[in-house]
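The structure appears below as C-alpha cells.
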Amino acid sequence: MGAYGDEHEDRSEIASIALKRVREILGSEILPQEILIVGDTPHDIACAKYIGARSLAVTTGGASRSKLADCQPDWLVDDLGEFTFESHRTRHTQGHATILTTNSF
C-alpha cells in the first residue's frame, strides 16, 4: 500500500496520500512515527519529516552520504542489509510499523 508519483507532483503530498490510504485500509489511526519511509534522496527524507514519519536514507542513489546526512534522516546506511526491521521496531514503534518506500531497491 502506498501512493505513487502520478498522484501528485510533490513528493511530500504523495506521503500524505499514502498515510491517508494506510489509515483507510487498516481502519485505524496509525501514528506518523509508526511509519518508516525508505529512500535515497533528500526529497525522501523531507517527505518523511513532512508527515512526521521516521526516515531511513540509503546511499544507493545519486545523493552523497554527506548530502543525505545533512538532511538528518533517522538512519543512514550504505546498504539496506545494514538495517534490520527488528532494530527499528524495538527502538521506535513498540511492536509494529508500516514501511513506505519511495523507490524500489
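Counting only strands (runs of 3 or more DSSP E) that fall entirely inside the chain and contain at least 1 residues that are at pLDDT 85 or above, the qualifying elements are 35-39, 54-58, 75-77. Scanning segment 20-40 for residues that are free of Cβ contacts under 8 Å to residues at least 40 places away in the same chain and of a type outside the set (A, V, I, L, M, F, W, C) turns up Lys20, Arg21, Arg23, Glu24, Gly27, Ser28, Glu29, Pro32. Looking only at residues in segment 1-41 that are hydroxyl-bearing (Ser, Thr, Tyr) and either under 11 Å from the mean Cα position of the chain (by Cα) or under 21 Å from Ala57 (Cβ atoms) (or both), which one is surrounded by the fewest Cβ atoms within 10 Å (Cβ to Cβ)? Within segment 1-41, the match that is surrounded by the fewest Cβ atoms within 10 Å (Cβ to Cβ) is Tyr4. Selection of first residues in segment 68-90 that are closer than 17 Å to Thr41 by Cα and charged (D, E, K, R) and of second residues that are modelled with pLDDT of 90 or more and assigned to a helix (DSSP H, G or I), restricted to Cβ pairs under 9 Å at least 6 apart or on distinct chains, gives the following pairs, ordered by first then second residue: Asp70/Pro42; Asp74/Ile45; Asp74/Ala48; Asp78/Arg65. Taking residues in segment 44-61 that are on the phi > 0 side of the Ramachandran plot, and partners anywhere that are of a type in the set (D, E, K, R) and surrounded by fewer than 23 Cβ atoms within 10 Å (Cβ to Cβ), not one pair has Cβ atoms closer than 6 Å while being at least 6 places apart or on different chains.
In segment 42-56, the residue that is surrounded by the most Cβ atoms within 10 Å (Cβ to Cβ) out of those that are within 8 Å of the chain's Cα centre (by Cα) and not acidic (Asp, Glu) is Ala48.
One line per residue, one yes/no per condition, for (1) in contact with a Lys or Arg (Cβ under 9 Å, 6 or more places away or on another chain); (2) closer than 17 Å to Ser12 by Cβ; (3) basic (Lys, Arg):
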{"residue": "Pro42", "(1), (2), (3)": "yes, yes, no"}
{"residue": "Gly52", "(1), (2), (3)": "no, yes, no"}
{"residue": "Ser55", "(1), (2), (3)": "yes, yes, no"}
{"residue": "Ser66", "(1), (2), (3)": "no, no, no"}
{"residue": "Cys71", "(1), (2), (3)": "yes, yes, no"}
{"residue": "Trp75", "(1), (2), (3)": "yes, no, no"}
{"residue": "Asp78", "(1), (2), (3)": "yes, no, no"}
{"residue": "Phe83", "(1), (2), (3)": "no, no, no"}
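Just checking, how many residues over segment 15-35 are hydrophobic (A, V, I, L, M, F, W, C), within 25 Å of Ala69 (Cβ to Cβ) and touching a helix residue (DSSP H, G or I) at 6+ places or on another chain (Cβ under 6 Å)? Residues in segment 15-35 being hydrophobic (A, V, I, L, M, F, W, C), within 25 Å of Ala69 (Cβ to Cβ) and touching a helix residue (DSSP H, G or I) at 6+ places or on another chain (Cβ under 6 Å): 1 in total.
The values are calculated or read from the model by the stated rules, or taken from the named source; none is laboratory data. Source: prediction; values computed, not measured. Positions of Cβ are backbone-derived with ideal geometry, glycine not excepted, and every protein chain shown enters the neighbour counts.
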